[in-house]
Amino acid sequence: MYLTQGLHRSLQRHPDKPALRHVGDGDVRTHTFAELLRDTGQHAAALQARGVKAGDRVALLAPNHDRLVRALLACWWLGAVACPLNVRWSAPELAYAVSDSEASLLVVDEALAGLVRELPLPVIDFEQLAQEAQGLQALPDVRAGGDTLAAILYTGGTTGRSKGVMLSHANFWTASMTRGAELNNAPDSVSLLVAPLFHVAGLGRLVGQTLVGGTCVTMAHFKPAAVLEAIERHGISDVVVVPTMLQSLLDDPGFAPERVRSLNRIAFGAAPMPPDLLERALQAWPHAEFFQAYGLTETAGAVCINLPDNHRDPAALAQGRLNSVGRAGLGAEIQIVDESGRELPAGQVGQIIVRGPMVTRGYWRLPEASAEALRGGWLHTGDAGRMDAQGYLYIVDRLKDMIISGGENIYCAEVESVLRTHPLVSQAAVIGRPDPHWGEVVHAVLVLADGATAEQLPLPVLRDWCHERLAGYKCPRGLSHVPALPLSAAGKVLKTVLRQQLAA
């Protein structure tokens, strides 16, 4: 179970097949499996020549491109630990992660070099690494695998200081097999890697494609028009998106069904999918398989998948399974527990806990946080959910985002779904606002539809809309209109930013 195994297998099966292609900025670079394997070994030699040894951490700062992929693979080839960093972080945030990981080398995209000039460690750019690799004799693959540490992925830091999630080769391998057991990952698939590779969704998809010998296409930035062009031009067959990405594609003036006909599998997750948006997507891609995946950075990817049939089959739709994230995948155990850790009966809401070989060994240099998250041998996800009698899991909210008003639990995703049904609303987020009487009340943050104005949707009108669809205590008592919701690089709404803006 080592993450470079797929390169060796593909060299035997289809050495001249495209393994990796980068598109963007008018440039297309294609690498066959034979070329990628050779380059990986040479890049590993270049890292070794700079003093990197097995077990050392190598920090990588770049948007998605082929050079980043080669460096990631070279780390694993050498037995080093890859630490891909968030390209949207500030210089202090990057400095913290580099220091915390005790990285021995930082490889940076030239455009981002200004953020890391003052860091006290060796820094080179990806082009320089490639130049140093040329002419070197490729190192033999150490074939590190199993429990050997493969990557440290830093959490977004939206609730405090970022934590480095330690993920082994076996964690990534198992997560890929869990997904593949539910949905065949065909070797002839062409996967668009536009979800960032410092995020587990993007990195996990790279791992899955590499293991089966599929083709990866990288794009540095998610730009709807460019993504549509890439799908059409390069025959993209599958993509991993968050809901905000999917909406951007459907809203783009250049969207047309005939342009995206090659796309036959669409995975989504990381944030609640608004029902109206999913319905639009299902109609736009009537031939495509849609599936929702649920997982965390701490599980190296999905631990359960809501299969395509549950998105279109009338019987499944009648049972409400469209709103589920599926059942526990191969190798994963999932329970819903109360505050004391007692498993709850079907239908009751509690915290989701997970265990299995895909679960992290813990957080880098944070033994207390690791022990707390993994107490009793289960990963405590911090997500609130319920499970039905057939084992289907339904995500209710993040526990930290849940609003408690007058002793009542209010789940933001439920309120947000109702807000989005208003014809003047494009996007919606809900946060708790401190209240001296109720403790917290619901505050809505809206992005209006094109052409709509705040005067057309004041708070009383919005409350009347919600009162027809929700209990009174769930209806917003505050309202903000914004031009856009703040998003993380992975496309999640940054509710901590919204809370800070509201407090200010």
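Key figures for this structure:
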item: Residue count, the stretch 481-504 (criterion: surrounded by 16 or more Cβ atoms within 10 Å (Cβ to Cβ) and among the polar types (S, T, N, Q)); result: 2
item: Answer residue from the stretch 233-281, given it is in a helix (DSSP H, G or I) and small (Gly, Ala, Ser) and is farthest from the chain's Cα centre (by Cα) among those; result: 281
item: Meets criteria (without any contact (Cβ under 8 Å) to a residue 60 or more places away in the chain and either surrounded by fewer than 19 Cβ atoms within 10 Å (Cβ to Cβ) or farther than 23 Å from residue 13 by Cα (or both)) for residue 133; result: no
item: Matching entry among 226, 220, 230 (being in contact (Cβ under 8 Å) with a residue 60 or more places away in the chain, surrounded by 22 or more Cβ atoms within 10 Å (Cβ to Cβ) and either in contact with a Gly (Cβ under 8 Å, 6 or more places away or on another chain) or not in a loop (DSSP other than H, G, I, E, B) (or both)); result: 230
item: Condition met for residue 29 (surrounded by 19 or more Cβ atoms within 10 Å (Cβ to Cβ), in contact with a helix residue (DSSP H, G or I) (Cβ under 6 Å, 6 or more places away or on another chain) and within 14 Å of residue 126 (Cβ to Cβ)); result: no
item: Long-range neighbours under 7 Å by Cβ, at least six apart or interchain, first residue in contact (Cβ under 8 Å) with a residue 40 or more places away in the chain within the stretch 29-44, second assigned to a strand (DSSP E or B) and surrounded by 22 or more Cβ atoms within 10 Å (Cβ to Cβ); result: 33/19
item: Sole residue being surrounded by fewer than 20 Cβ atoms within 10 Å (Cβ to Cβ), touching a strand residue (DSSP E or B) at 6+ places or on another chain (Cβ under 6 Å) and either in contact (Cβ under 8 Å) with a residue 12 or more places away in the chain or of a type outside the set (S, T, N, Q) (or both), chosen from 122, 140; result: 122
item: Tally, over the stretch 323-352, of residues that are surrounded by fewer than 19 Cβ atoms within 10 Å (Cβ to Cβ), under 10 Å from residue 388 (Cα atoms) and among the polar types (S, T, N, Q); result: 1
item: Tabulated pairs, the stretch 91-105, first under 13 Å from residue 121 (Cα atoms), second part of a helix (DSSP H, G or I), C-beta under 6 angstrom, 6+ apart or interchain; result: 94/115
item: Given (1) in a helix (DSSP H, G or I); (2) in contact (Cβ under 8 Å) with a residue 12 or more places away in the chain, number of the condition residue 192 does not satisfy; result: (1)
item: The one condition in (1) more than 25 Å from residue 244 (Cβ to Cβ); (2) surrounded by fewer than 19 Cβ atoms within 10 Å (Cβ to Cβ) that residue 441 fails to fulfil; result: (2)
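A quick yes/no check of all residues on (1) touching a Lys or Arg at 6+ places or on another chain (Cβ under 8 Å); (2) basic (Lys, Arg); (3) at pLDDT 95 or above:
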{"position": "9", "(1), (2), (3)": "no, yes, yes"}
{"position": "28", "(1), (2), (3)": "yes, no, no"}
{"position": "40", "(1), (2), (3)": "yes, no, yes"}
{"position": "44", "(1), (2), (3)": "no, no, yes"}
{"position": "47", "(1), (2), (3)": "no, no, yes"}
{"position": "58", "(1), (2), (3)": "no, no, yes"}
{"position": "66", "(1), (2), (3)": "yes, no, yes"}
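The values are calculated or read from the model by the stated rules, or taken from the named source; none is laboratory data. As the structure is a prediction and not an experimental result, all values here were calculated from the model. Cβ sites come from the backbone with ideal geometry, for glycine too, and all protein chains shown count toward neighbours.
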